[in-house]
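The values are calculated or read from the model by the stated rules, or taken from the named source; none is laboratory data. From a predicted model like this one, the values you see are computed outputs, not experimental measurements. A quick note on method: Cβ atoms are made from the backbone with ideal geometry, for glycine too, and the neighbour counts reach across all protein chains shown. When the accessible area is computed, the model is the full protein with side chains, heavy atoms only, and any ligands, DNA or RNA have been set aside. Shrake-Rupley method; radii C 1.70, N 1.55, O 1.52, S 1.80 Å.
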Amino acid sequence: MTGQVIRVVVADDQELVRSGFALILDVQPDIEVVAEVGDGAEAVEAVRRHRADVALLDIRMPRMDGIEACRAISAGGARGTEGVNGARGGCRVVMLTTFDADEYVYEALHAGASGFLLKDVRRDDLVHAVRVVARGDSLLAPSVARRLVEQYTRPSPTVVRARRPDPRLDVLTGRERETLLLLARGLSNAEIAAELVVSEHTVKTHVGNVLAKLGLRDRIQAVICAYETGLIAAGDASLREATSTPPGGVARAWSSPVSGRKRRR
C-alpha cells in the first residue's frame, strides 16, 4: 500500500451524511474520494468511471439500493475475475447503515461486501475500515460479527444434523480442513501457524487453497461455510471469544491471503 492512493466512492442519499464521510476520508494522505453520489446506480457508474478501489455504500438508497449496487460492483470478484473497474478482484465494498438487522448483514455479505459498519462508527474506525478492505482483507463491526455468528450457533435440529461434515469438504486435504476449522474459530494466520506448528507462509497457502477449492471470497464466508457444513460445533467458546468486542469497540479485521492486488492508476 505504500505510495499508493486508495480511490474511494461514497454513496448515500443523504447529502450531509455522504459529505461528512467524504470529508473524513479525503483528508487522509493515502485516500482520495473520487466521487460522492446519491444512489446505487450512480455508485456503480462512478466505480467504473473512476476505477475506484473501495466503495462505501448506504443500504437504503433510491433507484438502486446498496445491496444491488454491491452485487453489480462485486460481480466476478469472488471468482478472481475482473470487477467493474477492470482490476483483478474488482472494487471492494463497505456497507454503511443505521440498521444492523440480520437480513441486511447476510444479504450484504452474500452480495460481495468486504465490510459492514454502522453509521455511528468512529472516524478513526471508518478510515481503518477503508484501508483494511483496500488491502484485500474483510472487516465487520463487532455487533455485526456477533449477529453473524449467532445465526449459525443457534441449536436446532438442522444444526445437529449438519454435525456430520458436508460432502463439499471432501475437496479439502486433512490439513486444509484443520485450517478451515481454525479460521472459523477466529484465529489469525500467526495463531494458526502456532497451532499447526507450521510457518505463516504455509498457513497463507492453506488458507488460499481452502478459499479457492470451496469457492469462497474471504474468511467471513469461511466462517459461514464451516457452520453450514457442520465442521464446527454450535456455541464454540473460542469462537464466542474471538467475536467479542475488543477494548474500545474497534471492529476486528479478518485477514485474507488475497492481499497486495495491483491497482491501475
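Which residues' amide hydrogens lie under 5 Å from the amide hydrogen of M64, considering only partners 5 or more residues apart or on another chain, with H built in the peptide plane?
Amide H neighbours of M64, under 5 Å, 5+ apart: G40, A41.
Can you tell me the FRET efficiency between R60 and S19 if r is taken as the Cβ-Cβ distance and R0 is 25 Å, rounded to the nearest 0.05? The partial results should precede the final answer.
On the way: r = 18 Å, r/R0 = 0.71.
After rounding to 0.05, the efficiency reads 0.90.
Give the peptides 44-55, 199-210 in descending order of average Cβ contacts within 10 Å, highest first. Please list the in-between numbers first.
Working: 44-55: 22.6, 199-210: 18.2.
The peptides rank, most packed first, as 44-55, 199-210.
When the Karplus curve 6.51 cos²θ - 1.76 cosθ + 1.60 is applied with θ = phi - 60°, which whole-Hz ³J(HN,Hα) does each residue of the range 118-126 get, with x for Gly and Pro?
Once rounded to whole Hz, the list reads 7, 6, 8, 4, 5, 4, 5, 6, 5.
Sorted by accessible area with a 1.4 angstrom probe, largest first, how do F116, F99, F21 fall?
Details: F116 0, F99 80, F21 20 Å².
Accessible-area ranking of F116, F99, F21, largest first: F99, F21, F116.
Under the 0.36 nm per residue contour assumption, what length would be gained going from the current alpha-carbon distance of T173 and S199 to full extension? It would help to have the intermediate numbers written out before the result.
Details: separation 26, 0.36 × 26 = 9.36 nm, distance 1.76 nm.
Additional length available on full extension: 7.6 nm.
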